[in-house]
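Novice: Take this structure, written in structure tokens, and hold onto it; I'll ask about it next.
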Amino acid sequence: MGYNIAQKLISSHLLSGEMKVGSEIGLRIDQTLTQDATGTMAYLEFEAMGVERVKTELSVAYIDHNTLQTGFENADDHRFIQSCARKRGVRFSRPGNGICHQVHLERFGVPGKTLIGSDSHTPTGGGIGMLAMGAGGLDVAVAMGGGAYYITMPKVTLIRLEGQLKPWVAAKDIILKVLSIMSVKGGVGKIIEYGGEGVKTLSVPERATITNMGAELGATTSVFPSDDITKAFLKAQDREKDWIELLPDPDAQYDEIITIDLSELEPMAAMPHMPDNVKTVAEIGPIKVDQVCIGSCTNSSLFDMLKVAAILKGKTVHPNVSLSIAPGSKQVLNMLSLNGALSEMISAGARILESACGPCIGMGQSPNSMGISLRTFNRNFEGRSGTADAGIFLVSPEVAAASALTGVLTDPRTLGEMPKITMPSSFIVNDNFVLMPATPEEAKDVEVIYGPNIKPFPSSEAMPESIIAKAVLKVGDNITTDHIMPAGAKILPYRSNIPYLSKFCFRQCDENFAEHCKQAGKGIIIGGANYGQGSSREHAALVPLYLGIKAVITKSFARIHCANLVNSGIIPFTFANAEDYEKINVGDELCLDNIRSIIKDNGKVILKNITRSEEYVLDYDLSPRQRDILLAGGLLDYTRENSK
């Protein structure tokens with residue numbers, strides 16, 4: 001039996017385990033990326049490991065999230081990352097060079113290679129045939145130090161694309177259609193592989209839009225073939241030498257096949273407050289729009305920007321709409337300025353933002369109270385925009401630009417004939433905003449610079465023999481990492497200061513959560529299904545660790561967050577009987593007797609509810625390695641112990 005693309009990528013990088021669905025495998029990692037919202041902690045962890053130089057083929061540190069400098073904190077973090085990157089052998093992408101995933105796709109991604117990044121949208125690299133996965137910062141630090149990256153061997157779902165998109169229908173509509181079919185939980189434990197004749201009609205930027213939002217499915221990653229279209233993209237970036245062909249074998253098998261006829265799709269939108277709450281634009285109707293934001297790692301390529309400029313050309317943004325546009329990279333912005341497209345945007349009344357994540361991560365451009373904002377982004381979680389009562393819709397650049405002109409949600413097909421966009425055969429290549437690291441000899445004299453806002457990695461302790469703690473919080477289904485550890489301009493500057501950051505933990509669910517934890521001394525969190533979906537931010541585990549959380553018990557977990565809990569030394573359990581979730585109340589005193597011995601021996605876990613005199617069976621899906629990590633108190637302590 002032949003291999004599909006995902007299996008080819010995994011088999012060529014397999015260091016441990018077998019390609020048996022559900023079993024743990026260790027992968028060799030070729031490339032890593034970090035960004036500044038998670039990177040400061042990742043490099044603090046790397047420094048704590050005591051490794052002199054990174055051991056990957058390529059590691060890049062990007063500055064793209066925390067670029068709004070309202071105080072010294074972000075600038076200090078950037079200086080720390082730059083100095084650490086120079087000393088440890090990491091390339092440094094300066095502020096203004098662009099969004100990590102867009103730049104990596106343009107300049108560094110290589111078909112057939114593995115990539116992990118401390119950002120959940122790292123699967124963008126699957127658009128050029130990489131095995132690209134989001135991970136916690138500590139996992140990235142270990143990979144930079146030469147360690148394997150461990151995942152559970154996923155199933156592989158084939159999305160077979162047939163036909164061709166009609167005018168005004170975009171790649172964004174394809175992934176929104178997939179989300180409507182599979183839901184935000186439907187990709188858990190799966191790699192989404194795209195195939196079929198329809199793939200040949202999609203450019204690399206369109207493919208990257210689709211793989212980018214595979215994160216919203218909960219998937220391990222998403223991947224497209226590396227074919228002649230990939231080769232043409234890399235050639236235009238003066239990187240044809242990086243191309244290899246990567247196709248599934250003719251007799252490749254899949255665990256699941258979903259067929260989508262591209263010709264049947266129409267413009268779509270994800271309505272508040274979940275990416276899978278999808279309807280067609282026509283179904284939703286012409287609702288009033290207050291704000292339109294175009295950009296993010298999902299839709300900020302030159303291809304997207306040229307479409308937007310063509311729609312806006314010679315027109316004026318509606319007087320009731322605020323339109324902001326953020327080109328995804330310096331390369332994109334430079335080419336827009338030289339070919340006149342940037343002038344068309346400005347003339348129409350667009351506000352041009354720097355090439356960074358910006359509004360997508362809540363870094364500015366919060367909409368007005370109760371405002372409706374159309375965004376070409378990947379997430380529309382409640383409150384993520386910075387305005388708690390705003391309604392955020394996820395749409396294509398075509399829908400966004402059309403709606404900015406009319407002032408209401410608009411099906412772009414009503415604009416008439418779609419402008420024809422011609423992509424250049426070559427891109428402007430100028431990597432002067434990527435700083436090369438020092439040589440090993442030069443690195444001896446490089447000082448790693450720490451600012452006053454940078455605090456040490458929170459300490460953990462080996463798993464105790466038993467745990468007795470109160471249920472300090474109970475939450476429902478689809479709790480995101482934005483609920484656990486919010487982003488935004490007011491909070492992101494403190495990502496390297498866990499004690500200060502802890503004040504904001506779970507504030508959206510319980511504004512006094514941090515204080516309750518301090519009063520309790522230690523605690524257990526009770527959650528519903530798909531707990532921890534969204535961002536890869538390990539702060540959603542590190543801050544609970546700092547606040548004394550010993551275990552999280554849910555109906556089910558999102559992949560990355562579950563791994564981050566283990567890495568932080570917090571035990572992730574699920575209810576063997578989902579109905580037991582209803583029986584636990586906040587304040588109940590809970591007991592895990594002999595938990596250390598039970599975890600060590602992979603035994604049966606019984607949770608005692610002392611308050612209600614009840615017992616519940618708990619499940620845990622942990623590999624022997626993960627059990628050892630928990631016994632040690634977390635991945636950092638485990639790594640130290642095993643490197644002696």
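Novice: For the Cα atoms of the chain, what angle does the longest principal axis make with the long axis of helix 171-182, in degrees from 0 to 90, nearest 10?
Specialist: Tilt of helix 171-182: around 40 degrees.
Novice: Just to verify a number: FRET efficiency for I449 and T414, C-beta to C-beta distance, R0 = 56 Å, to 0.05?
Specialist: 0.55
Novice: Could you tell me the center-to-center distance, by alpha carbons, between the range 500-568 and the range 191-244 in angstrom?
Specialist: Centre-to-centre (Cα) distance: 34 Å.
Novice: Let me ask something else about it. Beyond 51 Å, how much of the Cα-Cα pair distribution for the chain remains, as a whole percent?
Specialist: The calculated P(r) of the chain puts 6 percent of pairs beyond 51 Å.
Novice: Nearest 10 degrees, 0 to 90: what angle lies between the long axis of helix 397-406 and the longest principal axis of the chain (Cα atoms)?
Specialist: Between helix and principal axis, roughly 70 degrees.
Novice: Normalised by the residues of the chain, what does the relative contact order come to in percent, with Cα pairs under 8 Å and at least six apart?
Specialist: 15
Novice: Give me the distance in nm between label points sitting 7 Å out from Cα along the Cα-to-Cβ direction at D227 and I287, one decimal.
Specialist: 3.7
Novice: Another one. Binning every alpha carbon pair distance of the range 444-507 at 5 Å from zero, what are the percents per bin?
Specialist: P(r) over the range 444-507, rounded to whole percents: 3, 12, 16, 16, 18, 17, 8, 6, 2, 2, 0.
Novice: Grab the eigenvalues of the alpha-carbon gyration tensor for the range 5-264, scale each by 5, take roots, and send me the semi-axes largest first in whole angstrom.
Specialist: Working: eigenvalues 187, 86, 56 Å².
Result for the range 5-264: semi-axes of 31, 21, 17 Å.
Novice: Let me ask something else. For the range 268-414, compute Rh as the Kirkwood radius over C-alpha pairs and then the Stokes-Einstein diffusion coefficient at 20 °C and 1.002 mPa s; write the answer in µm²/s, rounded to an integer.
Specialist: Taking Rh from Cα pairs, D becomes 145 µm²/s.
Novice: Specify the angular offset, from 0 to 90 degrees and rounded to the nearest 10, of the alpha carbon long axis of helix 559-568 from the longest principal axis of the alpha carbons in the chain.
Specialist: For helix 559-568, the angle is close to 40 degrees.
Novice: A follow-up question, please. Net charge within 10 Å of R537 by Cβ-Cβ distance, Lys/Arg positive one each and Asp/Glu negative one each, not counting R537 itself?
Specialist: -2
Novice: Given all pairs of different Cα atoms, what value in angstroms does the Kirkwood hydrodynamic radius of the range 467-642 take?
Specialist: That comes to 16.2 Å for the range 467-642.
Novice: Looking at the chain only, what percent of DSSP beta bridges run antiparallel? Nearest 5 please.
Specialist: Roughly 35 percent of the beta bridges in the chain run antiparallel, per DSSP.
Novice: To make sure I understand, if each residue's beta carbon is the centre and we count other beta carbons within 10 Å, what order do E240, E73, E193 fall in, fewest to most?
Specialist: Listing E240, E73, E193 from fewest to most nearby Cβ atoms yields E240, E73, E193.
Novice: Oh, and also: What whole number of Å gives the distance from the Cα centroid of the range 582-643 to the Cα centroid of the range 28-73?
Specialist: One Cα centre to the other: 31 Å.
Novice: Same structure again: Ordered by packing density, taken as the mean number of other Cβ atoms within 10 Å over each peptide's residues, highest first, how do 97-103, 51-57, 359-365 rank?
Specialist: 97-103, 359-365, 51-57
Novice: While we're looking at this one, here's another question. Defining a contact as two alpha carbons under 8 Å apart and six or more residues distant in sequence, what relative contact order in percent does the range 242-365 show?
Specialist: It rounds to 22 percent for the range 242-365.
Novice: What is the sum of charges around D593, taking Lys and Arg as +1, Asp and Glu as -1, for the other residues whose C-beta is under 11 Å from the C-beta of D593?
Specialist: So the surrounding residues net to 0.
Novice: While we're on this one: Of K185/K600; K555/K583; K166/K200; K279/K307; K470/K518, which ones are farther than 19 Å apart at the Cα?
Specialist: Check vs 19 Å cut-off fails for K185/K600; K279/K307.
Novice: I'd like the distance separating the alpha-carbon centroids of the range 380-398 and the range 75-130, in whole Å.
Specialist: First find each Cα centre; the distance between them is then 26 Å.
Novice: Quickly rank 33-41, 488-496, 341-349 as a protection proxy: mean count of other C-beta atoms within 10 Å, highest first.
Specialist: In descending order of packing, they fall as 33-41, 488-496, 341-349.
None of the figures in this text is laboratory data; all of them are computed from the coordinates on show. Quick caveat: nothing in here was measured; it's all calculated off a predicted structure. Cβ coordinates were reconstructed from backbone atoms using ideal geometry, including for glycine residues, and neighbour counts include every protein chain displayed.
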